[in-house]
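Where a number appears in this text, it was derived from the coordinates with a stated rule and is not lab data. In this text the structure is predicted, and so the values were computed from the model without any measurement. All Cβ positions, glycine included, derive from the backbone under ideal geometry; neighbour counts span all protein chains shown.
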Amino acid sequence: MRSPTTSTRDRWLQALDRWRHQPDGPASERSWAPSLERCSREELRAIQDEKLRLAVDYMYEHSGLFRSRCVAVGVEPGDVRGVEDLGRLPITTKADMSDDLERTPPWGRFTAVDEARWSSGGGQLFQTSGTTAQPRVFRYTRFDLRMWSWLARRATHAMGVRPGDVAIICFGYGPHVSMWALHYAFQDLAIPVIATGGMSTAARAAAIVRERPTVLCATPSYVLHLAEAVRAMGIDPADCGVRRVIVGGEPMPAATRSRIRLGWGGELHQTYGCTEAAPACCAYTCSDGMHVMEDALLLETVDPIDLRPVGPGRPGLTVITNLSSEASPQIRFLAGDFATLESAPCPCGRTHVRLRDGVTGRADDMLLVRGLTVFPTAIAEVLHGVAELSDAFEILLTKRGELDEMTIACEPLEEPADAAARAALATRVTNAVRDACELRPTVELRPLGSLDRTEFKARRVRDLR
Ligand SMILES: [Zn+2]
């Protein structure tokens, strides 16, 4: 048996601590890590190589699921010398985790935390938000929460948050990772937080008007919904003093971005992550794009069919290797969001790769309609580009005989003058959707305010087929 000082866990955590520069400074220029974010690609690769080797050793010993998947493809920890060998390691999917959970409830074997570690160093439990499968539960440790805070502080610095800001965070404060990392980061940076768990949208809107936070954090759809609620108070959201809107949790097409910017004024920033492998803003926007925090994780993009890496410049599904966690340093986890890696240098000076246009869709959200793939984000892109429509919409999928039918319900901001104007608007929307998606929907115009507004992640599809 190994002595405690040479355990794979100790070696892993010591390496993470060694690369956690200036871990606990106050809000200042020191709260980011220029030596990591502007290092050369060679220096970055050396960090990644070291962390990957240690992560593989550690997960092989502590995650039964990772070990069994390695055994199945004939790979042992010693085979992985660094990032060049990443492709030899198996990709793990959400379905793999769910199967594992069914066999070994209630925790599964996909994390590296056992009862002893949870009771001695446990931090906070998080779970995935799936509606059908049993939620996959992740027991993150105290070490992880400190790491989250450090990573998220770096991200918030890049997004321009500074001393003097006040943040309002609009989410449920439940067991979903969502905006918890931002919450912890703001606390460490002495950025005051208005926490709004359990509040209604009207109450949150009133808090924004009354308390004038300078940073607003929520999902893109909820940010739009909040703007609507502020307008309902007779106030222009752009007059509320919000200097930065930080969104996450949903893909955000360009037309939605424009709507948010127009509505709130100020800068719009975005974070990307997932419960399983990147719960702490591991991708974030600088002033020129969305960087992947590459010293903290490896992000590959792979072909949706054969799962082979597609490399920079081509869209693929995200596969994440988490190089910054005690509980869940997942190795090649298929997060399954569509993104395109961009390796060109960024004007901000950071050397880490970027995601071109952020995350553009989510494989889980993909709809198959009459043999064509359609993403709700593509519909949002069309509808949010029509100035006469509100932000809310719903996609209804039904069958007529064997044929799929797609109905899109949306709301004019003002009731059209007459039946002809109403028909013209519906036709314009129909044609715009057909041009974008090659599918001709039935468009229904509903009264303003009649469609569901979202509290968290928008559920905009009802599939009744
Ligand atoms: Zn940049």
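Place a label point 7 angstrom from the Cα of Ala72 along the Cα-to-Cβ direction, then list the residues of the stretch 246-283 whose backbone nitrogen is under 20 Å away. Residues 276-277 fall inside that zone. Most simply put, the chain has about 65% antiparallel DSSP beta bridges, counting only bridges with both residues inside it.
For the chain, the spread of Cα positions along the three principal axes, ordered from largest to smallest, is 81, 56, 42 Å. Compared with the dominant Cα axis of the chain, that is its longest principal axis, helix 254-264 is turned about 80°. Close amide H pairs (under 5 Å, H built 1.01 Å from N) link Asp404 with Arg370, residues at least 5 positions away or on another chain. Stretching Ala203 away from Ala344 to a fully extended chain increases their span by 46.4 nm, per 0.36 nm per residue minus the current alpha-carbon distance. Here is how the number arises for the chain: DSSP H runs of 4 or more residues each give -39500 (n - 2.57), the sum is divided by the residue count, and the result at 222 nm is -10000 deg cm²/dmol.
Couplings 3J(HN,Hα) of the stretch 107-124, computed from phi: 10, x, 10, 8, 10, 9, 10, 10, 4, 4, 5, 5, 6, 9, x, x, x, 7 Hz, in residue order, whole Hz [Karplus 6.51 cos²θ - 1.76 cosθ + 1.60, θ = phi - 60°; x for Gly and Pro]. On a 0 to 90 degree scale, rounded to 10, what angle separates helix 220-232 from the longest Cα axis of the chain? Its long axis makes an angle of about 40 degrees. The stretch between Gln134 and Ala232 holds 31.4 nm of extra length on full extension. This uses 0.36 nm per residue minus the Cα-Cα distance. Given their separation in residues at 0.36 nm each and the Cα-Cα distance between them, Ser450 and Ala363 gain 28.4 nm when the chain is fully extended. Each label was represented as a point 7 Å from its Cα along the Cα-to-Cβ direction; for Val461 and Ser7 these points are 4.3 nm apart. Rounded to the nearest 10 degrees, the inclination of helix 94-103 to the longest alpha-carbon principal axis of the chain is 60 degrees. Close amide H partners of Thr219, meaning residues 5 or more places away or on another chain with modelled amide H under 5 Å apart, are Gly248.
Its residue count N fixes a reference of 2.2 N^0.38 Å for the stretch 142-238, and the Cα radius of gyration divided by that reference is 1.09. Using the Cβ-Cβ distance between Asp49 and Thr93 with R0 = 25 Å, the FRET efficiency computed as 1/(1 + (r/R0)^6) comes to roughly 0.50.
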